[in-house]
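The values are calculated or read from the model by the stated rules, or taken from the named source; none is laboratory data. Treat the numbers as computed from the prediction; the structure is a model and nothing was measured. Cβ sites come from the backbone with ideal geometry, for glycine too, and all protein chains shown count toward neighbours.
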Amino acid sequence: MADKNMNNVEQIRELIFGSQLKEFEERFNTLNQTIESVEKTITNTMNEKHEKLQKETSRALEALEKKIDNLATATQKERSKLKELIDTTDETLQVQLQNQKDEFLTKLTMLKETLEDAQTQTSHALKQMRQELEKELTSKAAALGDEKVSKDAMASMLLDIAMKIQGTDMGALLTQEQDSEAK
């Protein structure tokens with residue numbers, strides 16, 4: 001009997017609420033279809049936007065990678081140019097330094113040779129003067145013989161010898177002094 005009562009309750013319910021239930025069911029189905037349609041549209045739009053965003057992101061990444069590669073290449077080229085410039089400058093400086101060193105050594109060698117020549121000439125000139133001085137002193141001493149030499153005569157002789165060593169003439173000096181006194 002419980003089943004019968006249940007059936008009766010259902011029939012009563014159907015009579016009272018039946019048309020409203022059908023309306024609600026139709027509305028619910030319509031709403032459900034609308035929701036499903038909107039959901040499909042949203043899903044499709046989202047998928048399209050997602051694909052578009054992925055493509056744009058991929059393109060942007062590719063462009064960025066190309067820019068990075070270009071910058072890396074340009075940096076490498078610039079680095080190579082700078083290294084080449086440094087190497088060239090270094091070589092030039094090394095050559096200039098070597099040239100200056102060679103020039104300095106050549107000048108130093110020439111200066112040493114000139115000094116050696118001057119020393120040899122000076123030594124030779126000193127020997128000649130010494131010989132002349134000895135010769136002159138010997139001849140003056142022989143000329144004096146046994147005579148006594150006065151202080152004035154000795155001063156005169158030494159002055160003559162000094163003048164000969166310097167290469168000046170006593171007569172010329174006296175003439176110059178007389179000319180300057182006359183003026």
*asked:* List pairs: first residue in the stretch 140-164 and over 19 Å from Arg130 (Cα atoms), second residue acidic (Asp, Glu) and modelled with pLDDT of 75 or more anywhere in the structure, Cβ distance under 6 angstrom, at least six positions apart or on different chains.
replied: none
*For Lys22, state whether it is loosely packed, with under 10 Cβ neighbours inside 10 Å and either in contact with a strand residue (DSSP E or B) (Cβ under 9 Å, 6 or more places away or on another chain) or in a helix (DSSP H, G or I) (or both).*
no
*Is at least one residue of the stretch 52-73 under 30 Å from Ile165 (Cα atoms), modelled with pLDDT under 95, small (Gly, Ala, Ser) and more than 39 Å from the chain's Cα centre (by Cα)?*
no
